[in-house]
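The values are calculated or read from the model by the stated rules, or taken from the named source; none is laboratory data. As the structure is a prediction and not an experimental result, all values here were calculated from the model. Here the Cβ is made from the backbone with ideal geometry for all residues, glycine too, and neighbour counts use every protein chain on show. Accessible surface is based on the protein model in full, side chains and every heavy atom, while ligands, DNA and RNA are left aside. Shrake-Rupley method; radii C 1.70, N 1.55, O 1.52, S 1.80 Å.
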Amino acid sequence: KLAMEFPSEDIFLITASPVIKAITNFKQVSKTLEEFDVEEQPSSLLEERYPSIKVIQSGVKRLKSDENKIFTEDGKEYIYEKLCLCAGAKPKLIFEGNPYVLGIRDTDSAQAFQKNLAQAERIVVVGNGGIALELVYEIQGCEVIWAIKDKAIGNTFFDAGAAEFLIPKLTAEKRETPIECKRTKYSIEGSEEKERPIATSDSLGSALGPDWHEGLHLKGTKEFSHKVHIEILCEVKKIHSQQEFIQLQRTSMTFPKEEKKVEADEVLWPVYVELTNGKIYGCDFIVSATGVVPNVQPFLDGNNFAVGEDGGLKVDKHMHTSLPDIYAAGDICTASWEPSPVWHQMRLWTQARQMGWYAAKCMAADILGESIDLDFSFELFAHVTKFFNYKVVVLGKYNAQGLGLDHELMLRCTKGQEYVKVVMQNGRMMGAVLIGETDLEETFENLILNQMDLSAYGEDLLNPDIDIEDYFD
């Protein structure tokens, strides 16, 4: 965006990774909903397309904001007029530095994971967001113990009802054939040969795109397909090595089966997970899919940034941090303007793309001395994804975020086909979850945006025999 606005200015892109993430197959589904793939491409492609861009492959060591200077790991320094920090976030690992704990956040860690999975008979997955959900569904031929701190799966995107709707897909034996993968992996020549240690949590890869698991062959050693056991309302209390476990003189459990309740496990596992509900399971390794923390570390030292409660750099509605000439966008930042009543920040690919685009517009406006309005994409929270092979659309305050008790829910559910939930407040639609091919996203998007009073329709709002679009075109 900046290169288009300022073809004659030098634009430096400093990145620790040899590849850049490019948005491909972009589709504007509706006013606020967009679908796209994220593809890794060699950075030379970007330089060819925009001659004013120079990609510098090096990590950032330090920022001296008072001198407008960035120092890179390779010992160089760069002076900037305007700077935008887009360093993303890194996985929040349950235990740092344990070789049996893998954090999944980027394509590199997904590959390390796949390598380990090939030899695995049982893994423990910890976390309840989008990545955990995808992972548990995609893994075959390996026992999965899934530990979640909530009552129901997928709490970041769903409520218990949606979870119930999805659960049968986890236990179904027959699997749809996976779709062909569109993402390709570029690597620097010679880098493949270097053996990676089991968990390289400190090296920052680039974040995964929305279809990251496609084309990865996620299959363990066992011949059956799905074997998932969910442990709810618990977290990991401790991780024991095999040696420590033997010294504990406690029993661990086999994979829970319906007929028999609890059996002691005779097998010795490489690592043991003790849960806060008192149960201990042995496994080959643990996947930590417990969210992310903004990657602010190299920038804080010696700079007086205002930092949000979630650890991100606070930005105003022009994506400006608290320091002059420094902007931030994507997972590293915390939106600190007064948000629209139906938008909230969530560290997702869609928002990172929107923020990056908008930050470039703000930087350009600032340089040209123009004023600019908050981008339309921040009017309504809107995200489309796929879980368990269902299309999933979430709009507005889809989980009644911040609405307190003053709201009501309406539901429509056809088992195995669709799940529709709307969040209503004072007769107005505030949010929605649509699972399956419901074709309601545009209508609901409009109803949330225009805040029309829908009290007169009552339950009929979700009556499948009434074509709701006819009412609101």
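General observations
- Computing FRET efficiency as 1/(1 + (r/R0)^6) for residue 171 and residue 437, where r is the C-beta to C-beta distance and R0 is 25 Å, gives about 0.65.
- Given 151/317; 115/397; 149/415, the pairs whose alpha carbons are separated by over 30 Å: 151/317; 115/397
- Modelled this way, with points 7 Å down the Cα-to-C-beta line, the labels at residue 81 and residue 95 are 5.2 nm from one another.
- Gain in span if fully extended, residue 233 to residue 410, counting 0.36 nm per residue against the direct Cα distance: 61.1 nm
- Sparse packing (at most 11 other Cβ atoms within 10 Å of the Cβ) combined with a DSSP loop state is found for the following trypsin sites (Lys or Arg not before Pro) in segment 340-445: 415.
- Within the accessible area of segment 84-161, the carbon and sulfur atoms contribute 51%, probe 1.4 Å, all protein chains present.
- Segment 382-471 - accessible surface per residue (Å², probe 1.4 Å): 45
- Solvent-accessible area per residue for segment 1-89 (1.4 angstrom probe, square angstrom): 55
- Taking the accessible area of segment 382-471, probe 1.4 Å, and keeping the other protein chains in place, the carbon and sulfur fraction comes to 44%.
- Computed from label points 7 Å out along Cα-Cβ, the spacing between residue 41 and residue 243 is 5.0 nm.
- Rounded to whole Hz, the Karplus (6.51, -1.76, 1.60) HN-Hα couplings of segment 384-398, x for glycine and proline: 10, 8, 10, 10, 6, 6, 9, 6, 10, 10, 10, 10, x, 8, 5
- Those chymotrypsin sites (Phe, Trp or Tyr not before Pro) in segment 263-357 that DSSP places in a loop and that have at most 15 other beta carbons within 10 Å: 337
- Segment 87-171: GluC sites (Glu not before Pro) in DSSP loop, at most 16 other beta carbons within 10 Å: 96, 121
- Segment 382-471: Rg to Rh, with Rh as the Kirkwood radius over Cα pairs: 0.94
- Under the simplified labelling scheme, the residue 10-residue 465 pair shows an inter-label distance of 7.2 nm, with each label point 7 Å from Cα along Cα→Cβ.
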